[in-house]
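Below: the structure, in structure tokens.
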Amino acid sequence: MNPMSEQLFEGERLSLAPHDPEKDAEVESRWTHDPEYMRLLSADPARPLSPGQIKKKYEEAAKEKSHNRFSFALRTRADDRLIGFARLERIEWNNGSGWLTLGIGSAEDRRQGYGAEALRLLLRYAFDELNLHRVSAATFEYNSGALRLLEKAGFTVEVRRRQAIHRDGRRWDELLLGLLREDWEKSSTPNPNTQM
Amino acid sequence: MSTSLFHGTLVRLAAVNPEADAEVWARWTRDAEFLRLLDSEPARPASGKQRKEEMESYPSDDNHYSFMIRTLTDDALIGFTGLWVGPHWIHGNGWVGIGLGDRTYWGKGYGADAMRLILRYAFTELNLHRVSLGVFAYNQRAIESYKKVGFVLEGRVRHETRRNGQSWDTLYMGILRDEWEKSQAKDGKQGYEHQTFPR
């Protein structure tokens with residue numbers, strides 16, 4: 001069987017799809033109105049963004065050098081609904097390393113296994129398509145969901161940046177995690193979409 | 001006791017002056033070892049013109065504080081250091097970078113002196129809560145120097161760089177404000193609070 005028939009962009013329920021700011025900005029704007037989501041995702045001060053501001057962000061990202069950044073929209077295969085995003089960025093080609101970010105936008109789409117599936121797809125893309133040697137991820141001490149998800153996928157906590165995050169009057173650690181290719185190869189299950 | 005924010009015992013922090021400094025910086029890039037200790041980009045020599053353009057593009061906004069390192073005895077340009085405040089000011093975290101391009105000054109305390117200055121700047125001028133850095137596991141001299149000025153090892157990112165066919169870890173270190181303050185008290189340098197300001 002030809003290994004190139006592996007479907008990189010499709011999982012059981014989700015697909016890694018291109019961004020479509022015209023269509024997606026409305027939905028993404030809704031996500032930014034949820035401060036919990038914003039604070040789980042990013043260290044920037046949470047603030048709601050209008051669809052226009054979202055579109056502008058995409059335009060700016062498109063202008064930046066894109067050779068070390070791969071960004072996908074997460075859509076359900078059943079009805080092509082936007083549920084989140086998945087990105088590999090800050091890729092250093094000479095070192096075979098890169099950083100991963102993943103977000104599931106609406107509260108009702110969280111804890112449904114979408115994050116785990118998106119992570120599997122993105123890791124396969126990182127290791128099988130981009131030929132990375134390791135993938136890094138960062139999260140905050142208070143984001144136990146992300147921590148559990150990453151550890152289940154084989155990530156190891158490598159660095160604990162003490163008191164790096166200041167929220168609600170207290171300091172939280174930032175955790176840096178890493179997954180090496182060899183660990184991923186051991187833990188990843190074969191792609192069910194590939195007919196071997 | 002030092003009375004100036006920019007003066008240490010061996011070096012001072014000076015402005016970045018691309019016009020005058022770029023040629024010296026370009027000479028440093030002929031030293032591949034220096035480049036490979038400094039960052040994870042592929043090492044390559046740069047011309048004075050290239051360095052000048054790059055230095056001119058250094059951001060000098062409220063998130064970036066860049067300095068050149070000069071010796072006190074003869075004002076020789078020996079390196080550079082800088083702080084980037086991020087990911088955002090609300091967290092009070094700064095990332096420090098430092099490089100001594102002139103290798104004749106390695107291992108003699110010049111780097112540590114400059115690092116003490118930039119830490120004092122971070123905690124007393126920028127009022128940061130912590131300062132962070134990353135260093136390659138093969139840069140033992142730097143690791144020792146950072147420990148000496150009070151940085152604590154916070155973990156190691158496995159196999160983040162590849163040099164000479166081998167994978168190397170990156171060490172992450174950090175120093176918190178209260179740790180820094182304690183180290184100042186221990187060294188009898190509480191005087192930073194009563195520093196004389198230039199008149």
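Some points to look at:
- Within region A:169-189, the set of residues being farther than 17 Å from A:LEU40 by Cα, among the small types (Gly, Ala, Ser) and out of contact with any Ser or Thr (no Cβ under 9 Å at 6 or more places or on another chain) comprises A:SER187, A:SER188.
- Every residue from region A:141-183 that is touching a strand residue (DSSP E or B) at 6+ places or on another chain (Cβ under 6 Å), not in a strand (DSSP E or B) and not aliphatic (A, V, I, L, M): A:GLU141, A:TYR142, A:GLY154, A:PHE155
- Any hit, region B:48-61, residues being within 14 Å of the chain's Cα centre (by Cα) and at pLDDT 95 or above: no
- Here A:ARG39 meets each of (1) within 14 Å of chain B (Cβ to nearest Cβ); (2) under 27 Å from A:LEU8 (Cα atoms); (3) modelled with pLDDT of 95 or more with one exception, condition (2).
- Here the helices (runs of 4 or more DSSP H) wholly within region A:1-84 that include at least 1 residues being in contact (Cβ under 8 Å) with a residue 60 or more places away in the chain and under 16 Å from the mean Cα position of the chain (by Cα) are A:21-31, A:35-41.
- Answer from A:ASN131, A:ASN94 - the residue that is more than 10 Å from chain B (Cβ to nearest Cβ), surrounded by fewer than 19 Cβ atoms within 10 Å (Cβ to Cβ) and part of a loop (DSSP other than H, G, I, E, B): A:ASN131
- Qualifying residues in region A:43-91 (those that are among the basic types (Lys, Arg) and within 14 Å of chain B (Cβ to nearest Cβ)) - the one nearest to A:LEU119 (Cα to Cα): A:ARG90
- If you check B:GLU144, B:GLU154, B:GLU125 for being more than 11 Å from chain A (Cβ to nearest Cβ), free of Cβ contacts under 8 Å to residues at least 40 places away in the same chain and acidic (Asp, Glu), only one passes: B:GLU144.
- Listed conditions (1) within 21 Å of A:ASP44 (Cβ to Cβ); (2) more than 11 Å from the chain's Cα centre (by Cα); (3) of a type outside the set (D, E, K, R); (4) surrounded by fewer than 20 Cβ atoms within 10 Å (Cβ to Cβ) are all met by B:TRP84, apart from (2).
- Single residue of region A:56-79 satisfying the filter (of a type in the set (A, V, I, L, M, F, W, C) and surrounded by 10 or more Cβ atoms within 10 Å (Cβ to Cβ)) that is farthest from A:LYS23 (Cα to Cα): A:PHE70
- Note on region A:97-124: residues that are assigned to a helix (DSSP H, G or I), more than 14 Å from A:PHE155 (Cβ to Cβ) and within 12 Å of the chain's Cα centre (by Cα) amount to 4.
- Among the conditions (1) at pLDDT 90 or above; (2) out of contact with any helix residue (DSSP H, G or I) (no Cβ under 8 Å at 6 or more places or on another chain), A:MET1 misses just one, which is (1).
- Search result, residues across region B:163-176 that are crowded, with 17+ Cβ neighbours inside 10 Å and either closer than 24 Å to B:GLY86 by Cβ or not hydrophobic (A, V, I, L, M, F, W, C) (or both): B:SER167, B:ASP169, B:THR170, B:LEU171, B:TYR172, B:MET173, B:GLY174, B:ILE175, B:LEU176
- If only residues of region A:136-168 that are of a type in the set (Val, Ile, Thr) and closer than 13 Å to A:SER42 by Cα are counted, the one that is farthest from the other protein chains (Cβ to nearest Cβ) is A:THR139.
The values are calculated or read from the model by the stated rules, or taken from the named source; none is laboratory data. Everything quoted here is computed from the prediction, not taken from an experiment. Quick reminder, even Gly has a Cβ in these numbers, built from the backbone with ideal geometry, and neighbours come from all protein chains shown.
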